[in-house]
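Report on one structure; see the data block that follows.
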């Protein structure tokens, strides 16, 4: 599956400077700047309500920024939204194809809206069907498709005009793991052919697939860089995994222990950021035992993106304060 | 505007209408239902008005008078009663609308003095029927007295003369010769149907996209607001024209209303009216992002003014001046005027230049606003 973007020679395909978006009193995006190069996969990682969708909508010209400037494919989005729209594909967070249309009718409709040249329509639609794995299901009503197929059909519709830049707003939410994997293969194929891809997600494993990540919290980019770079960010000390019984009181105690910089629950264990791994491993079991807490395991681990996020924001990606976008 | 995108929009909209039972019902069944309901439901003709008689005399003369009531197609002489309470009871319980009381000295006074009176008691709760009943009763009775007078003169050996009053009006009704109220109503009902169906259908079209979340995808494409509007309205325009044809066929073949105008004038003026109606529906749909809300507003702004102030049933000339002034704002009134003229008078567009001009002004204004109403943004 090769999808090639016909875009200007410029290496920077998207640039945002000091973007601010307010909805009344609420500041959804609070001074965000970034740029993305051609063929790059840029991920926006953050909890619901962090402002990821708002940023993507501004870049697609669906929302006007309160202040700041965004350039997409070389055009100012606020000034020339229609030209920008010819160069982008967009998949919104909520599935937004027509459920009462057949698969083929949706594809034809979007091919028409994107003014795909007449002689290319059939081959493009065939390619999209193959990509989505929907060949033979052309006449199915879209409403009857399972989540993964719907998602891939939406992607197929969004790239019928071979856009240079693709914006995917939580494209895999509510989709089974195998479909997610398939979907990411498609995204990588597209990036390899020169398409710049923006993806927002709150799945940590997906974030690892991106070339570059921007961690977003409360409308701000709190850190950005390649996933491996970001993990190195956790430079204040080492990360320990502690298995304790009971977990709640252990967390409360360790939070105020002088050796522990940061403590958070991960699954059925605790992640502790400490200054010195060796000293902490030696001291903590004794300390916990004195407070009648059983410690069944304590070892050093390598940090995940979630750990980075916790350290930078003091909150988890999944259950940070939720605010409707 | 790009032909590709326009065709894509229109085709998609048509497919959606075809698959949406609610739209199909409004488009095809509602016009038929409305024409049938209103066509049969509203009638200002009073025929076979039930009459009770209280004949105190029971003479040959009084019987002759009652026979005339019986013979009239406007009355149905149900029965005779023997006292006032029975008559009052019949009116109270709605068994009759008119009571005729013939006094015990009816024929005696008639023969002695040449004048006499009968009492007619009318149920005035429905003033229209009451008026008609009184008018018809007067006609029946004056027919009876005319004949009695002629008989009397003949018996006296006097010349009978012309047999009627010295001056009489020879009435000739134009356009609705039989004064069938249905002929007056049906063209108006057609206007009501067109106004309602047009606005109701289009009121759903943009709201549906917001409600189902498809709008976000739609506006992320290069389609322009004008293409969205025209693409969406083209199928509804076609449906509107089809409904007009349906109404015409039902009106002429089912209700046997005369159609004296030309199809050309009917369809050009209908096209003009549809532009206004669809534009109004589209603006409502853009403004209110839920289908339920939009359809209710559409009902409110089309049904009320059109049924009350368009003159389809309630003559505008009889309204008080301030209300009459308001009717000039109701675009349906021009179409009602046009339809009545085309159906009954058979006049062409030229004779209708006034209302056609008014509708054109509306079409341009509504079109202008509608084109600016829809913006491709998620900002409220």
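For chain A, take the longest principal axis of its alpha carbons; what is the angle in degrees between that and the long axis of helix A:277-290, to the nearest 10 within 0 to 90?
That helix lies at roughly 60 degrees to the long axis.
Could I have the simple spin-label model distance between residue B:84 and residue B:319, label points 7 Å from Cα toward Cβ, reported in nm to one decimal?
My value for the distance between the label points is 4.4 nm.
Note down the nm distance, to one decimal, between modelled labels 7 Å out along Cα→Cβ at residue B:60 and at residue A:282.
Here the answer is 14.5 nm between the modelled labels.
So between residue B:126 and residue B:351, what do we pick up on full extension, going 0.36 nm a residue minus the alpha carbon distance? The partial results should precede the final answer.
Values: separation 225, 0.36 × 225 = 81.00 nm, distance 3.70 nm.
Extra length from residue B:126 to residue B:351 when fully extended: 77.3 nm.
Using r as the Cβ-Cβ distance of residue A:252 and residue A:76, and R0 as 60 Å, what FRET efficiency do you calculate, to the nearest 0.05?
0.70
Expressed as a whole number of Å, what is the distance separating the alpha-carbon centroids of segment A:286-309 and segment A:70-149?
Distance between centres, Cα-based: 48 Å.
Extent of segment B:189-314 along each principal axis, from alpha carbon coordinates, in Å, largest to smallest?
Largest first, segment B:189-314 extends 52, 28, 20 Å along its Cα principal axes.
Using only Cα atoms, tell me the angle between helix B:3-19 and the longest principal axis of chain B; keep it within 0 to 90° and round to the nearest 10.
Taking Cα atoms only, the helix is inclined about 50 degrees.
So if R0 is 51 Å, what FRET efficiency would residue A:289 and residue A:66 give, r being the distance between their Cβ atoms, rounded to the nearest 0.05?
Values: r = 55 Å, r/R0 = 1.08.
It comes to 0.40.
Counting only DSSP beta bridges with both residues in chain A, what percent are antiparallel, rounded to the nearest 5?
On the way: 40 of 58 bridges.
Expressed as a percentage, antiparallel bridges in chain A total about 70.
Could you tell me what percent of the DSSP beta bridges with both partners in the protein assembly as shown are antiparallel, to the nearest 5?
On the way: 44 of 72 bridges.
Antiparallel bridges: around 60 percent, rounded to the nearest 5.
For the residue pair residue B:211 and residue B:24, what label-to-label distance in nm results when each label sits 7 Å from Cα along the Cα-to-beta-carbon direction?
Going by the 7 Å Cα→Cβ label model, 1.8 nm.
What do you get for the angle between helix B:127-155 and the principal long axis of chain B? Use alpha-carbon atoms, 0 to 90 degrees, nearest ten.
30 degrees
I'd like the distance separating the alpha-carbon centroids of segment B:79-130 and segment B:204-279, in whole Å.
One Cα centre to the other: 55 Å.
Would you mind getting me the FRET efficiency between residue A:208 and residue B:300? Use the beta-carbon distance for r and R0 = 60 Å, nearest 0.05.
Rounded to the nearest 0.05, the efficiency is 0.60.
Between segment B:292-368 and segment A:41-64, what's the alpha-carbon centroid distance in Å?
Rounded to whole Å, the Cα centres lie 49 Å apart.
Considering only segment B:49-155, what is the antiparallel percent among its DSSP beta bridges, to the nearest 5? Could the numbers behind the result be given before it?
On the way: 4 of 14 bridges.
Roughly 30 percent of the DSSP beta bridges within segment B:49-155 come out antiparallel.
Only residues of segment B:81-99 count here: report those whose backbone N is under 17 Å from the spot 7 Å along Cα→Cβ of residue B:70, or say none.
B:81-82
Pulled fully out, how much extra length does the chain show between residue B:264 and residue B:40, if you take 0.36 nm times their separation in residues and subtract their Cα-Cα distance? Display every interim value, and only then the final one.
Details: separation 224, 0.36 × 224 = 80.64 nm, distance 2.80 nm.
77.8 nm is the gain from fully extending residue B:264 to residue B:40.
FYI, it's all coordinate maths here, none of it is from the lab. Just so we're clear, the structure is a prediction, and the values are computed from it rather than from any experiment. In this analysis, Cβ positions are derived from the backbone assuming ideal geometry, glycine residues included, and neighbour counts consider all displayed protein chains.
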